[in-house]
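> Handing you a structure now.
The values are calculated or read from the model by the stated rules, or taken from the named source; none is laboratory data. Quantities reported herein were computed from a predicted structural model and do not represent experimental measurements. Note: ideal-geometry Cβ built from the backbone for every residue, glycine included; neighbour counts use all protein chains shown.
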Amino acid sequence: MTGSDPLSLVLTAYLAMAAVMAWLWVLQLRVRNASIADVGWCMGLIAVVLWYATQAAGEIERKIFVAVMAVLYAGRLGFYILLNRVIGKTEDARYRRLREHWGGSERLKMFGYFQLQALAVAGFSLPFLVLIQNPRPPFALIELAGLLIWIIAVTGEGMADWQLAHFRSQSWNRDRVCRDGLWYFSRHPNYFFEWLHWWAYVVMAIGTPGWMLTWIGPVAMGWALLKVTGIPLAEAQAVTSRGEEYRIYQQTTNMLIPWWPKRRPIERG
């Protein structure tokens with residue numbers, strides 16, 4: 001089956017998302033909650049992948065398969081963010097810290113941040129496009145292996161998000177550190193499973209044209225989580241709001257990869 005030129009598809013997706021994110025930036029000027037950029041990223045990714053499925057070359061069975069994965073992954077995440085960080089909520093502390101840090105140039109830099117989200121949608125859509133255009137008959141064993149990784153990762157991220165939301169819903173936990181469920185084994189299990197999820201597409205696309213483009217997912221997401229807007233901002237805010245209890249949590253619990261916690265070091269006088 002022939003389809004549209006992949007480069008044209010990605011460029012069109014980026015331009016459309018740039019317009020959407022510009023509109024969301026205007027909206028956040030009114031609501032003062034930049035988390036709508038994260039919701040926009042999730043919904044934008046779904047829209048772009050569904051559009052790829054209608055325009056790109058590929059087998060119809062695999063197009064449906066990839067589209068369902070995108071909808072389930074990004075839809076769950078976007079719905080979670082909408083309910084827990086946007087509707088009726090004050091702005092996430094990470095964004096408040098960014099606004100304070102940016103000072104007088106906050107509006108312009110926030111616009112740049114929203115536009116980076118448009119670029120991120122285009123970039124993170126590439127693994128899905130590679131899968132859609134896989135010329136091999138569906139479904140090879142390697143795709144099923146990748147699907148197993150995907151199921152573990154998306155389920156794990158959903159569990160971590162639910163456990164944290166349930167913990168925070170209890171008023172007596174307001175200033176406490178969550179160690180429930182997966183949070184006992186990692187300080188950021190949601191980020192770990194988010195990162196793991198992108199490896200599923202790498203595995204599924206092994207040996208296909210454009211396979212190296214699927215590495216954009218785990219490499220870029222890993223960099224963002226470890227160095228930019230993920231863990232650094234979350235940890236700084238946690239230390240500020242939870243103090244010594246979170247410092248102990250840092251000493252005993254792995255930052256990202258879930259594992260059994262260590263004993264707290266004995267302080268010597």
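> Select from region 19-42 the residues that are crowded, with 17+ Cβ neighbours inside 10 Å and in a helix (DSSP H, G or I) and list them in ascending order.
Residues satisfying the conditions are V20, M21, L24, W25, Q28, I36, A37, D38, V39, G40, W41, C42.
> In addition: Does region 163-171 contain at least one residue that is part of a loop (DSSP other than H, G, I, E, B), closer than 26 Å to I36 by Cα and not assigned by TED's automatic domain parsing to the domain that holds I36? It would help to see each step written out before you state the result.
Step one: list which residues in region 163-171 are part of a loop (DSSP other than H, G, I, E, B), which gives 170.
Still in the running and closer than 26 Å to I36 by Cα: 170.
Retained after the next criterion (residues that are not assigned by TED's automatic domain parsing to the domain that holds I36): 170.
Yes, region 163-171 contains a residue that is part of a loop (DSSP other than H, G, I, E, B), closer than 26 Å to I36 by Cα and not assigned by TED's automatic domain parsing to the domain that holds I36.
> Is there a residue in region 161-181 that is within 29 Å of K63 (Cβ to Cβ) and surrounded by 13 or more Cβ atoms within 10 Å (Cβ to Cβ)?
Initially, region 161-181 is screened for residues within 29 Å of K63 (Cβ to Cβ), giving 161.
Still in the list and also surrounded by 13 or more Cβ atoms within 10 Å (Cβ to Cβ): 161.
Checked against the condition, which is being within 29 Å of K63 (Cβ to Cβ) and surrounded by 13 or more Cβ atoms within 10 Å (Cβ to Cβ), region 161-181 yields at least one hit.
> Follow-up question, since we're still on this one. When N134 is evaluated against the numbered criteria (1) at pLDDT 95 or above; (2) out of contact with any Pro (no Cβ under 7 Å at 6 or more places or on another chain); (3) surrounded by 21 or more Cβ atoms within 10 Å (Cβ to Cβ), which criterion, by number, is the only one it fails?
Failed condition: (1).
> Does any residue in region 161-190 that is farther than 15 Å from A238 by Cα and in contact (Cβ under 8 Å) with a residue 40 or more places away in the chain come within less than 9 Å, Cβ to Cβ, of a residue that is among the hydroxyl-bearing types (S, T, Y) and in a helix (DSSP H, G or I) six or more places away or on a different chain, and which pairs are these?
Short answer, once both residue conditions are applied: D161/Y80; A165/Y80.
> How many residues does region 70-97 hold that are over 25 Å from L196 (Cβ atoms) and of a type in the set (G, A, S)? Break it down stepwise before answering.
Step one: of region 70-97, the residues over 25 Å from L196 (Cβ atoms) are 86-91, 93, 95-97.
Remaining after also requiring of a type in the set (G, A, S): 88, 93.
The number of residues fulfilling the criteria is 2.
> Ok, one more. Could you say which residue among Y191, Y184 is crowded, with 20+ Cβ neighbours inside 10 Å and of a type in the set (F, W, Y)? Talk me through it step by step, then tell me what you get.
On the way: Y184 fails: crowded, with 20+ Cβ neighbours inside 10 Å.
Every option except Y191 fails the conditions.
> Another one. Within region 225-239, which residues are in a helix (DSSP H, G or I), of a type outside the set (D, E, K, R) and in contact (Cβ under 8 Å) with a residue 40 or more places away in the chain?
Once the filter is applied, which keeps residues that are in a helix (DSSP H, G or I), of a type outside the set (D, E, K, R) and in contact (Cβ under 8 Å) with a residue 40 or more places away in the chain, region 225-239 yields I231, L233, A234, A236, Q237, A238.
> A further question on this structure: Test L82 against the criterion of being in a helix (DSSP H, G or I) and more than 14 Å from F128 (Cα to Cα), and give yes or no.
So L82 passes the test.
> Among the residues in region 134-144, are any outside the structural domain of Y73 (by TED's automatic domain parsing) and over 30 Å from Q55 (Cβ atoms)?
No - not one qualifying residue is present in region 134-144.
> Exactly one condition in (1) of a type in the set (G, A, S); (2) within 21 Å of the chain's Cα centre (by Cα); (3) over 30 Å from K63 (Cβ atoms); (4) part of a helix (DSSP H, G or I) is not met by G243; state its number.
(2)
> Taking only pairs six or more apart or across chains, which ones have beta-carbon atoms under 7 Å, a first residue in region 35-53 that is outside the structural domain of F128 (by TED's automatic domain parsing) and closer than 23 Å to L225 by Cα, and a second residue that is part of a loop (DSSP other than H, G, I, E, B) and hydrophobic (A, V, I, L, M, F, W, C)?
Cβ pairs passing all conditions: none.
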